[in-house]
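For reference, the structure discussed in these notes is given below.
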Amino acid sequence: MDTVIEVEGLRKAYRRVRGSRTVAVDGLDLAVPRGGVFGFLGPNGAGKTTTIRCLLGLVRPTGGRCRLLGEEPAGVHKVIGRVGSIVESPAMYPRFSATRNLELLGRISRIGRTRVREVLDQVGLAERADDQVKTYSLGMKQRLGIAGALLKDPEVLILDEPANGLDPAGIVEVRELMRRLGNEGRTVFVSSHILTEVQQTADRVAILAKGRQVATGPVHEVLTAGHATGLLVRLDDVPEGLRILGEAGIDARADDGFIRVGLPPADAARVTRTLADRGLYLTELRADEADLETVFLELTGGASTEGAR
Amino acid sequence: MSGLLASEFRRFRSRRLVKVLVALEVLVIVATGVIVFLTQEYALVGLPDVLMGTSLVLVSVGWILGASAIGADWHAGHVTTILSWEPRRGRVLIAKIAAALTSVFVVSLVIQALLAIALAVAAAGAGSTTGADAAWLAESAGVALRVAALSTIFAGFGFGLASAGRNTAVALGVGFGYLVIVENLVRGLRPQWTPGLLTDNAGLFVVDSPIDFPLLGRSTIGAGLYLAALGAALLLAATALFRTRDVH
């Protein structure tokens with residue numbers, strides 16, 4: 001597998017004033033393949049931002065290794081031109097316009113005004129490009145940060161909570177942007193705690209808890225791992241439905257107005273046919289699959305370790 | 001590196017604090033010129049003393065600008081943003097130092113030049129230009145260059161402290177506390193340590209009169225080199241810290 005991010009046994013501990021240590025990342029292993037959207041999930045304090053800072057060379061790992069496009073933090077300058085990033089809230093000069101802020105950044109890599117205008121247009125800020133950033137809403141500032149990350153036309157985008165502060169329309173825009181960038185063959189590595197967004201956007205995810213990876217893989221696999229999949233059936237006469245399905249030898253039980261059927265989604269036709277043959281018609285039929293939120297809460301214990309980040 | 005330097009120069013001159021302080025200085029110069037023109041017969045031959053008199057203000061402004069050049073970036077989180085574009089920290093800090101110190105030197109020279117022009121106009125109109133010969137010009141230029149150099153050195157002190165403390169206020173507080181409290185205590189309690197004091201060496205460097213600073217035991221150039229060496233050491237230490245510490 002061609003990986004753009006490799007993390008092996010990464011550990012980062014911060015020393016506190018009184019000598020004790022806070023472990024932010026504790027033996028993390030991670031492999032992010034090239035192309036597509038990779039969701040990096042975890043509760044506050046799980047070590048997501050620290051991992052990103054290690055990858056970018058902003059903090060030094062206490063142990064283990066991490067590589068971005070094959071380069072360890074000490075050599076990350078060799079590949080930084082191919083990487084766009086937002087780490088936590090993007091810092092911009094509030095009294096400068098968006099254009100001026102991006103021009104200042106672009107000047108470091110000799111990126112001209114044309115590209116600045118392109119990315120501002122891409123994130124929907126073209127009309128406010130010459131306004132001072134201090135007049136922007138939180139969502140607009142977030143979009144400006146994304147524009148800054150896109151400025152280098154990067155093959156890898158590292159976005160730390162990009163949907164922070166965005167309204168629903170802004171969240172949808174960012175989701176579509178990430179999906180589009182992922183479909184273009186870029187790798188979008190996005191840390192988030194907005195699980196529904198990640199579920200709709202990401203191809204693969206990794207879930208962190210207390211500095212360790214607790215699950216990783218394609219979204220569908222993570223959702224089904226450890227969860228019996230089945231079907232949820234809604235109809236008007238639940239007791240009659242249970243009786244008919246039982247007579248047909250199909251495992252079924254009532255659950256909160258539904259019938260939970262112990263057959264895989266691929267066998268849905270058997271259920272509909274069995275019920276329809278006996279004059280019972282479904283009002284709803286869907287796969288009984290855990291959502292990412294449920295899986296996330298189960299894997300992480302639902303605990304936030306905020307403050308350890 | 002040139003892109004980084006260009007970016008840092010533009011960043012420095014775009015900052016509001018820089019604009020406000022320079023505007024204030026220009027305003028004071030204009031007001032001084034007008035007042036001198038209206039109220040007295042100014043003798044231009046005294047210009048070197050006037051330029052020496054600007055040193056306290058220009059050194060203070062240099063210290064503030066040097067400190068805020070990095071302190072404000074730490075405060076606002078821009079250091080993280082810049083390092084995600086250029087992770088070689090040494091280069092980033094050197095570019096910032098170069099932009100801040102060069103800018104402070106140029107600002108100090110320009111401010112003194114504007115003041116000299118304002119006073120020359122006032123003297124030509126309602127005072128005296130007698131004695132303003134080549135020797136006077138050389139002396140005035142020498143004072144202006146030394147004051148600008150001193151402002152630059154103190155900008156380096158401010159930058160170094162703000163970089164280590166990751167805050168402008170740290171540099172200003174430490175600087176004020178050291179210069180006003182520590183140096184005065186040392187001067188009173190340990191006069192034999194006077195050769196190491198910043199203020200005495202700065203005074204000698206600007207005034208260019210070793211006889212007025214007998215305890216220092218060094219020349220004007222020696223005082224300048226001593227201060228420059230201290231500034232360089234502080235900036236080297238700040239760079240070493242910047243290269244090794246985590247950035248949050």
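Laboratory data are not the source of any read-out in this text; all were calculated from the coordinates shown. The model shown is predicted, which means the values in this text are computed figures rather than measured ones. Using ideal geometry, Cβ is built from the backbone for each residue, glycine included, and neighbour counts are taken over all protein chains shown.
Karplus-derived 3J(HN,Hα) values for segment A:117-129, using 6.51 cos²θ - 1.76 cosθ + 1.60 with θ = phi - 60°, are 5, 4, 6, 5, 5, 4, 9, x, 10, 4, 6, 9, 4 Hz; glycine and proline are entered as x. Spacing of the modelled spin labels on A:Asp277 and A:Ala254, each 7 Å from Cα toward Cβ, amounts to 2.5 nm. Taking a ≥ b ≥ c as the square roots of the eigenvalues of the alpha carbon gyration tensor, segment A:230-288 is rounded, as a/c is under 1.5. Projecting the Cα atoms of A:Leu30, A:Ser137, A:Ser20 onto the charge dipole of chain A (Cβ charges, centred on the Cα centre) puts A:Ser20 farthest toward the positive pole. Once you order the gyration tensor axes a ≥ b ≥ c over the Cα atoms, which shape class does segment B:2-244 get: rounded for a/c under 1.5, otherwise prolate or oblate by comparing a/b with b/c? Verdict is oblate for segment B:2-244. Charge dipole of the protein assembly as shown (Cα centre as origin; +1 on each Lys and Arg Cβ, -1 on each Asp and Glu Cβ, all else neutral): 1500 debye, rounded to the nearest 20. Computed from Cα atoms, the angle from the helix B:2-14 axis to the main principal axis of chain B rounds to 60 degrees. As a rough footprinting exposure proxy, the listed residues A:Arg60, B:Arg88 were ranked by other beta carbons within 10 Å of their own, and the order from fewest upward is A:Arg60, B:Arg88.
Each Lys and Arg contributes +1 and each Asp and Glu -1, all at the Cβ; summed about the Cα centre of segment B:2-244, the dipole is approximately 1200 debye. For A:Arg186, the residues 5 or more places off, or on other chains, whose built amide H falls under 5 Å of its own are A:Gly36. For chain A, the longest principal axis of the alpha carbon atoms and the long axis of helix A:238-247 meet at an angle near 70°. For the protein assembly as shown, the 222 nm mean residue ellipticity estimated from helices alone, with every DSSP H stretch of n ≥ 4 adding -39500 (n - 2.57) and the total spread over all residues, rounds to -17000 deg cm²/dmol.
Between the amide H of A:Ala215 and those of A:Ile207, distances stay under 5 Å, these residues lying 5 or more places away or on another chain, with hydrogens modeled in the peptide plane. Taking B:Gly33, B:Gly156, B:Gly188 as the candidate residues, the one with maximal mean-square fluctuation in a Gaussian network model of chain B, Cα springs under 10 Å, is B:Gly188. Inter-label distance, A:Thr114 to B:Arg243: 3.9 nm, where each label sits 7 Å from its Cα along the C-beta direction. The angle separating the long axis of helix B:89-126 from the principal Cα axis of greatest extent in chain B is about 10 degrees. Radius of gyration over Kirkwood radius for the protein assembly as shown, both on Cα atoms: the Rg/Rh ratio is 1.17. The lysines within cross-link reach of A:Lys152, meaning a Cα-to-Cα straight distance under 25 Å and a gap of 8 or more places when in the same chain, are A:Lys48, A:Lys78, A:Lys134, A:Lys141, B:Lys96.
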